[in-house]
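J.: Handing you this structure, nothing more for now.
The values are calculated or read from the model by the stated rules, or taken from the named source; none is laboratory data. Here the structure is a predicted model, which is why all the values come from computation and not from measurement. Methodologically, a virtual Cβ is constructed for each residue, glycine included, from the backbone with ideal geometry; neighbour enumeration extends over all protein chains shown.
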Amino acid sequence: MLLLPALLSAQTAVSIRINGTINPASAEFIHNSIAHAEKDKAECLIIHLNTPGGLLKSTRVIVGDILASSVPVIVFVSPSGAQAGSAGVFITMAAHIAAMAPGSNIGAAHPVNMQGGSSDTIMTQKATNDAAAFIRTIAQKRNRNLQWAEEAVRSSVSITEKEAIEKKVVDLVANNERDLLSQIDGKQVELTDETKKLHTKNARIVTVEMSVVEKVLNVISDPNVAYLLMMLGFFGVLFELFNPGAILPGIIGVISLVLAFYAMHTLPINYAGLALIIFAIVLFLLEIKIVSHGMLAIGGAVSLLIGSMMLIQTSSSLEVAQISNSVIIATTACTVLFFLFIVGIGLKAQHAKPVTGIEGMVGEVGETIVPLNVTGTVRVHGEIWNAESVSGMIRQGEKIRVTRIKDLKLYVEPQPQADKYV
């Protein structure tokens with residue numbers, strides 16, 4: 001009689017948290033967590049979900065893993081104030097058991113364009129129809145409210161946890177993880193090949209965290225971060241090319257570019273947008289080398305702005321997989337200002353007075369060694385030069401100023417009296 005409680009208390013519930021956008025990193029984390037739960041023969045996997053949305057491709061991967069899981073998956077929209085927005089709707093409805101915390105909400109799963117608003121273009125209609133069919137399939141599989149699910153996609157409706165219970169979108173409301181495990185104890189769930197009765201009331205909770213690699217990928221999979229890494233990489237490499245031997249800018253640039261392109265491999269990249277960004281960098285470089293009166297810089301700014309706005313393909317995203325307009329505008333402005341600054345320095349250097357070599361002698365002050373009766377010798381910078389006066393007789397020991405130099409002969413004039421003792 002004491003054996004059954006002992007066995008029940010030995011049951012484990014694996015718990016993970018998804019707090020942020022749905023991307024390849026979160027999809028990989030959930031996939032590995034399901035595998036971990038299956039390997040340890042856990043009673044269930046609890047996914048604490050708080051997301052504004054993410055990539056449709058990653059969402060499909062997560063939903064596929066949940067539907068094929070041999071371990072019951074419970075999606076818990078928590079803590080209070082959390083949301084299951086956009087991609088989160090698909091994931092929550094795909095769970096064997098869907099739960100929400102008090103004060104949370106779910107909904108608004110309509111695909112949007114890069115500017116954050118809906119569009120009536122053919123591509124957007126196709127994306128919407130595809131997402132609607134996808135969520136209908138999930139709702140039918142889990143016997144959830146099919147009509148509301150489609151409205152969430154087509155009309156971006158959003159509801160609270162109480163409304164979600166009334167509309168049979170989710171199964172229960174729980175205050176915390178332990179309350180959730182108590183409420184689902186004894187429930188039966190349909191797995192791929194069997195029906196399983198849950199024994200979770202006294203289950204031991206095992207929390208699994210993202211690995212270091214998954215955390216890094218999760219950060220750089222943010223389109224804004226990937227975009228900034230790419231621009232930082234371009235600038236770092238350019239600094240190294242124009243200042244060979246600086247080393248640090250080159251190292252930072254290469255690392256940033258590698259991370260950026262790795263992140264972009266996981267994002268729905270529009271290569272036309274990427275090509276425009278690279279073309280913009282080329283135009284800025286040409287502005288430094290060619291006098292175009294600012295036309296190349298203007299072209300570069302326009303190309304960078306358009307390319308940045310095109311960089312993420314919106315038909316594969318659910319609401320948040322996009323580069324922020326404020327980030328694009330700020331980056332474009334900083335890039336333009338940076339290259340204008342470089343151009344300004346270049347022009348200033350072209351008009352600056354030479355300070356080395358023979359040309360650097362013009363304007364320098366010295367003194368006569370012998371009287372300059374037209375010709376003679378002078379000392380400038382500790383060196384003795386043949387010199388010729390351009391203004392008549394100059395006495396020995398007088399201060400002189402170099403006016404020009406020709407064939408290694410200095411042409412000099414008396415140093416103005418006001419500068420004599422400066």
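J.: From Val216, Val206, Val237, which residue is among the β-branched types (Val, Ile, Thr) and surrounded by 17 or more Cβ atoms within 10 Å (Cβ to Cβ)?
T.: Just one listed residue meets the conditions, Val237.
J.: Would you check if there is a residue in segment 4-11 being touching a residue at least 40 places away in the same chain (Cβ under 8 Å), touching a His at 6+ places or on another chain (Cβ under 7 Å) and surrounded by fewer than 23 Cβ atoms within 10 Å (Cβ to Cβ)?
T.: yes
J.: Those residues that are among the aliphatic types (A, V, I, L, M), in contact with a helix residue (DSSP H, G or I) (Cβ under 9 Å, 6 or more places away or on another chain) and assigned to a helix (DSSP H, G or I), I need them from segment 187-232; list them, please.
T.: Val213, Val216, Leu217, Val219, Ile220, Val225, Ala226, Leu228, Leu229, Met230, Met231, Leu232
J.: What pairs come out if I take residues in segment 168-179 that are among the charged types (D, E, K, R) and pair them with residues that are in a loop (DSSP other than H, G, I, E, B) whose C-beta lies under 6 Å away, six or more apart or interchain?
T.: Partner pairs satisfying both residue conditions: Lys168/Asn145.
J.: Only one of Thr368, Thr375, Thr331 is touching a helix residue (DSSP H, G or I) at 6+ places or on another chain (Cβ under 8 Å) and modelled with pLDDT of 60 or more; which?
T.: None of the others qualify; the one that does is Thr331.
J.: Between Leu45, Leu67, Leu49, Leu55, which is touching a residue at least 24 places away in the same chain (Cβ under 8 Å), surrounded by fewer than 23 Cβ atoms within 10 Å (Cβ to Cβ) and either touching a Phe, Trp or Tyr at 6+ places or on another chain (Cβ under 6 Å) or of a type in the set (A, V, I, L, M, F, W, C) (or both)?
T.: Leu67
J.: Whether any residue in segment 38-57 is over 19 Å from Asn218 (Cβ atoms) and part of a helix (DSSP H, G or I) is what I want to check.
T.: yes
J.: Can you tell me how many residues in segment 147-162 are free of Cβ contacts under 8 Å to residues at least 40 places away in the same chain and surrounded by 16 or more Cβ atoms within 10 Å (Cβ to Cβ)?
T.: 3
J.: Inspect all residues belonging to segment 256-264 and state whether any of them is farther than 21 Å from Thr21 by Cβ and in contact (Cβ under 8 Å) with a residue 60 or more places away in the chain.
T.: No.
J.: Shifting gears a bit: On the basis of being free of Cβ contacts under 8 Å to residues at least 12 places away in the same chain and within 18 Å of the chain's Cα centre (by Cα), does Tyr271 make the cut?
T.: Spelling it out, Tyr271 is indeed free of Cβ contacts under 8 Å to residues at least 12 places away in the same chain and within 18 Å of the chain's Cα centre (by Cα).
J.: Is one or more of the residues making up segment 286-296 in contact with an Asp or Glu (Cβ under 8 Å, 6 or more places away or on another chain) and farther than 25 Å from Ala25 by Cα?
T.: Yes, segment 286-296 has at least one match.
J.: Name the residue that is modelled with the lowest pLDDT, counting only residues in segment 215-238 that are under 8 Å from the mean Cα position of the chain (by Cα) and among the polar types (S, T, N, Q).
T.: It comes out as Ser221.
J.: For Thr200, all conditions in the list (1) farther than 30 Å from Phe279 by Cβ; (2) out of contact with any Cys (no Cβ under 8 Å at 6 or more places or on another chain); (3) of a type outside the set (A, V, I, L, M, F, W, C) hold save one; what is the number of the exception?
T.: (2)
J.: Here is a follow-up. If I filter segment 33-48 for residues that are among the basic types (Lys, Arg) and farther than 18 Å from Ala127 by Cβ, do I get at least one hit?
T.: Yes, that holds for at least one residue.
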